[in-house]
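To start, the structure under review is shown below, and the notes come after it.
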Amino acid sequence: MLSITIGLERARVPVAVMKLDGELDAATYQDVINRAAELIEQGAGHILLDMGELTYMGSSGLFAIHSVAMMLRGEAPPDPEGGWGAIHEAEPRDSEKVDELKLLNPLPQCERVLDRTGMKRFFETYDDRRAALESF
Amino acid sequence: MTTNSLRIEADVGQLATIRSFVREQARRAGADPRAVPDIVQAVDESVTNVIVHGYRGGAGAVDVEVEAVGRSLVVRLRDQAPAFDPTGWPDPDTSVSLEQWPQGGMGVFLSRELADKVTYRRTPDGNELTIVKECIDSRGGGAC
C-alpha cells in the first residue's frame, strides 16, 4: 500500500513535493510514475521526493525514481512492457547529478537500496525540508 | 527446526503479504532485526521476478517456505513458471550514466547482494529458489 500526497512549494523556483507513505514495490511503482507525469504535464519542472514515511522500496522503486528523473529531463514516460529503448538513446549530460529531482529523508532501507545500486550518486539527498527546497 | 509456508497467487498485489509473512517468520526465529530487511527484500525481489517475468501476468502460484536452520534463515520459493535460473544472471553495470541506467536485472542483483547464499534448482514440479541469510544468533538475540 502506497499513499502519494502532492504539495506545491514556492522556493527560489516552484517545487512539487511528492510525499510517499507506505511501501514502493512492483504493485505501486507505476502510481509514482503516473502522478509525476501528471505534475510534469501541468508544468512542474522540479520535484522533491519526500521519502520520510516510505518504509520499503524494491528495485521497482528505483525504476520509478529513474523514470521521474528522465521525464523531468524531457524524455517520454517509460513503457514497462517495451523497455527503455528510447531512453537508452538519450544523450548523457555532463553532470551526473539530476538538478530537477531531489530526495528528502530516505529511511535506512531505502537509502541502502539507492546506495548498493549506485543510484544514490545521481541525486542530492537532504534531511532538512527547507534546505532541500532552497537547493533547487 | 520449524517450517512455515504461505501460498500466494502470482499477483504483484500479494507482495506486501509475502513481505509481512517473511518479517514475522524472521522475528519468530529470533533473527537479528538489522538483517531482517535484507532477507525480506531478497525474497520480495525474487518473487517479483517470478510473477512479472516468469508467469508474465498469467495465472499461477508461488509457494514461500521459511525455515530456521541453525544460524540460518532459509527461504524456499517454488513456482511453476518456465525455467529460470537467476543465479546465472550477470550483474548489471551500475557505473553507467543515468541515461544508460540498466533497466533489467536489478532485482536479481539486489537479491544476491542482500542474501548470503542464493541457489536454484529445476525440479519436476518447477523452479525452486533457496535464499539463505545467516542472521540467527543461537545464543539468543544478539547481532549476527
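The values are calculated or read from the model by the stated rules, or taken from the named source; none is laboratory data. Bear in mind that the values here come from a model prediction, so they are computed numbers and not experimental data. With ideal geometry, Cβ positions are generated from the backbone for all residues, glycine too; neighbour counts draw on all protein chains shown.
Summary table
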{"read-out": "Qualifying residue in segment B:99-106 (condition: within 14 Å of chain A (Cβ to nearest Cβ) and under 25 Å from B:R7 (Cβ atoms))", "value": "no"}
{"read-out": "Of the criteria (1) closer than 19 Å to B:D125 by Cβ; (2) touching a His at 6+ places or on another chain (Cβ under 7 Å), which one B:G60 fails", "value": "(2)"}
{"read-out": "Residue in segment B:27-41 that is in a strand (DSSP E or B), within 14 Å of chain A (Cβ to nearest Cβ) and in contact (Cβ under 8 Å) with a residue 12 or more places away in the chain present", "value": "no"}
{"read-out": "Those residues of segment A:1-16 which are touching a helix residue (DSSP H, G or I) at 6+ places or on another chain (Cβ under 8 Å) and in a strand (DSSP E or B), in sequence order", "value": "A:L2, A:I4, A:I6, A:E9, A:V15, A:A16"}
{"read-out": "For B:Y55: the one exception among (1) within 14 Å of chain A (Cβ to nearest Cβ); (2) modelled with pLDDT of 95 or more; (3) under 16 Å from the mean Cα position of the chain (by Cα)", "value": "(3)"}
{"read-out": "Leading residue by the ranking (nearest to the other protein chains (Cβ to nearest Cβ)) among those in segment B:107-139 that are within 12 Å of the chain's Cα centre (by Cα) and assigned to a loop (DSSP other than H, G, I, E, B)", "value": "B:A115"}
{"read-out": "Residue, farthest from B:T94 (Cα to Cα), within segment B:104-119, restricted to residues that are out of contact with any Phe, Trp or Tyr (no Cβ under 7 Å at 6 or more places or on another chain) and buried (at least 21 other Cβ atoms within 10 Å of the Cβ)", "value": "B:A115"}
{"read-out": "Residues that are among the charged types (D, E, K, R) and more than 14 Å from every other protein chain (Cβ to nearest Cβ), drawn from segment B:1-26", "value": "B:R7, B:E24"}
{"read-out": "Any hit, segment B:57-69, residues being in contact with a Phe, Trp or Tyr (Cβ under 6 Å, 6 or more places away or on another chain) and farther than 21 Å from B:S5 by Cβ", "value": "no"}
